[in-house]
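Below: the structure, in structure tokens.
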Amino acid sequence: MMSLKEKLKQLTKKPGVYIFKNSAGHIIYIGKALSLKNRVSSYFKQKHTDPKTLELVSQINDLQTIEVNSGFEALLLEAKLIKQHKPKYNIQAKDGKSYLYIIISKEFPNRISASRSPEKEQDLLAWYGPFPSGREVQEILKVVRRIFPFRSCANLPKRVCLYHHLKLCPGVCVFPNNNYQKTILCIRQMLSGKTGNLIKSLEKEMKSFAKATDFEKAGEIKFKIDSLQRLTQGWKNIPKDSQYLAKGIEEIKGILIKYGGINLLAVNKIEGYDVSNLGNQIIVGSMVAFSRGEPDKSQYRKFNLKYNLNFQDDPEGIKQIVRRRLNHPEWILPQVVLIDGGKTQIASGFSALKEKGLENQIALLGLTKEEEILIIPQIRSRSISSWKRLRLARNSEALQVLQHVRDESHRFAQKYYKKIHNKNFLK
């Protein structure tokens, strides 16, 4: 049997859960770690002053670890194991209060909130935990809510609240939602640590919508899948301020409805386009995709335009990129296309959209580099009737989201250009 010292030497830097046992083989403490090696080793290397920690370390006789893919999964697994084994040093939090639980009510529409005494709550559908820190509960609910919006208010309001406008609540208090039970089922799978099964189920649903050419629904599910996959790649990758992005997206939608003449129900996906060239020798283009304000690199695309253009022509380059992109109906369509350029480039992009009959379905706009001015075409009768130049405040969430898309499309085009340039140079 391997000794404790040998087990400490074999620890990896992967995230996971560690289990301490005493000489009798009883579990005395369960903890989580982003790096098992760093966290577990700290118990034996550091000089502790806390009496509780000193007592715990003195009783550790054996160690067991369970590796997972992310800190998020470690957090959920820790709570599940603490609930199952009730270790001596996990029973009470350091401040003397009981641990927190995430609870789901039976009432419809189901409410999700936190509680210190779920056993005293009436008519609960399920509860998850315990979680040692209130901050961790808030982080979990923030991430879950961003992927699967849910109701959290104790009393149903008569009108939709701020959370609904931020797309963090489906507004079930006012708008009937037949899919809300399905949302609750997904949340329960997520909180149970069954993320892999949930992703497989969503992928099957996404393919079904794509096959039926309902690309908007397929795009919404793709966002959920991507978000869940990022969770399994690392807890630290999840943006802390999802409300900031939601406000920016909502502002962009309002601007396009007001000035662009296109009625957008939602902005789930924005695509950015740019052209990079060196005379007639190298002409390339890029397409980047942002889901709910975040880059989705799995949907980035590169275009070598030397077969489409005989000379440097940025507007024609934009037209060719958009045209070639739209020749792929299997790629989920965006609600917004952002072009790095002004009126001429935007008009070329509009021409490509019009060829496919999408000029009234996909909103188009440009963002100039130096002045940071939005250029928005006004669409009437399948044509650009006028232009709106809009200067947003520097701290505008919408401007910062669009700047990120624009700058990322430029970076990606430059990267492809340099790759071809280096390849030609070596030849």
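We did not get these values from a lab; they are worked out from the coordinates using the rules stated. Quantities reported herein were computed from a predicted structural model and do not represent experimental measurements. Because the Cβ atoms are built from the backbone with ideal geometry, glycine has one as well, and the counts that use them run over all protein chains shown.
So here's what we get for this one:
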| item | result |
| --- | --- |
| Under-5 Å amide H pairs with residue 367, H placed in peptide plane, nonlocal only | 339, 341, 375 |
| Directionally averaged shadow of the chain, computed from the convex hull of its alpha-carbon atoms, nm² | 27.4 |
| Rounded to 5, percent antiparallel among DSSP beta bridges of the chain | 85 |
| The chain: relative contact order as a whole-number percent, Cα under 8 Å and 6+ apart | 11 |
| Tilt relative to the chain, helix 36-45 - C-alpha long axis, 0 to 90 degrees, to 10 | 40 |
| Sequence ranges 158-171, 134-147, ranked by mean other-Cβ count within 10 angstrom, highest first | 134-147, 158-171 |
| Computed label-point distance, nm, for sites residue 197 and residue 119 using a 7 Å Cα→Cβ extension | 2.7 |
| Dipole magnitude of the chain about its Cα centre (Cβ charges: Lys, Arg +1; Asp, Glu -1), debye to nearest 20 | 600 |
| Table column - 3J(HN,Hα) (Hz), segment 219-230, Karplus curve with 6.51, -1.76, 1.60, x for Gly and Pro | x, 5, 6, 4, 4, 5, 4, 4, 5, 5, 5, 5 |
| Part-to-part distance (alpha-carbon centres) for segment 322-359 and segment 29-61, which is given in Å | 57 |
| Positive minus negative residues near residue 217 (Lys, Arg vs Asp, Glu; Cβ under 14 Å) | +2 |
| Nonlocal amide H pairs with residue 388, under 5 Å, H built at 1.01 Å | 376, 378 |
| Amide H within-cut-off set for residue 151, under 5 Å, with H built and near neighbours excluded | 112 |
